[in-house]
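Engineer: The structure follows.
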Amino acid sequence: MPSPTDILIALALAVTQAASAPVVPAATAHTPDEAAVLAADVRQRAAVADVDLPGIAAIAHPNLRVNAPNNRILTREDLVRMVGDGEIRNEVFERVPETVVVTGDVGVVMGRELVYPGAQSEQARMYGRRTLNRRYTNVYLREGGVWRHLARHANVVP
């Protein structure tokens, strides 16, 4: 369990970084496809952050592969299991998409994340209980009009 000081530091960092983050203004026009991919990216993050295992399984393509910050490649089943077991858990999990592109039925979102690993998580064992800045790329595939999470790469920025 993090100390109250650790939590305050993590929250202060998250607020500071969120306030200084270049955010795409609401007036910025996105195509309907780009908006749909960004919405899928929001749902994917929320499912992991909320430990919503059915939500993760629903958005994840059966062939999902994650090049994870734990230096392993995970399958959809690995991701669901590890979130359920607490191996993947963050007390703070913020995501700022910086670019989105859609080509046909493939959508790509890239940006940055700020996480504070949960006490029992693999990231806490690897990097310690501290705020981590990460870069991420998420790839979505449209099937039957639904955007499914197909691939992810996330790495901790030194």
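Engineer: At a 10 angstrom cut-off on C-beta neighbours, averaged per residue, how do the peptides 84-91, 128-135 rank from highest to lowest?
Structural biologist: 84-91, 128-135
Engineer: Quick one: which residues, 5+ away or cross-chain, put their amide H under 5 Å from the amide H of Asn90? H built at 1.01 Å from N.
Structural biologist: Correct list: Gly118.
Engineer: Please give me the summed charge of the neighbours of Val100: other residues whose Cβ is under 12 Å from its Cβ, Lys and Arg +1, Asp and Glu -1.
Structural biologist: Around Val100, the charge tally is -4.
Engineer: Around Val157, what is the net charge, scoring Lys/Arg as +1 and Asp/Glu as -1 over all other residues with Cβ under 13 Å from its Cβ?
Structural biologist: Residues close to Val157 contribute a combined charge of +3.
Engineer: Can you check what the net charge comes to around Ala36, using other residues whose Cβ is under 11 Å from the Cβ of Ala36 (Lys, Arg +1; Asp, Glu -1)?
Structural biologist: Spelling it out: positives minus negatives among the neighbours equals -1.
Engineer: Also: Working out 0.36 nm times the residue gap between Ala119 and Ala39, then minus their Cα-Cα distance, what length gain in nm do you get to one decimal?
Structural biologist: Roughly 25.9 nm would be gained on extension.
Engineer: Is the C-alpha gyration tensor of the stretch 25-105 telling us rounded, prolate or oblate? Criteria: a/c under 1.5 is rounded; beyond that, a/b larger than b/c is prolate, otherwise oblate.
Structural biologist: Note, shape of the stretch 25-105 comes out prolate.
Engineer: If you don't mind, there's one more thing I want to ask. Using alpha carbons only, what's the Rg to Rh ratio of the stretch 56-158 with Rh from Kirkwood?
Structural biologist: Reported Rg/Rh, Kirkwood definition of Rh: 0.98.
Computed from the coordinates by the stated procedures, all read-outs in this text should not be read as laboratory data. Note that the structure is a prediction, hence the values are computed from the model and not measured. Virtual Cβ from ideal backbone geometry, glycine too; neighbours counted across all protein chains shown.
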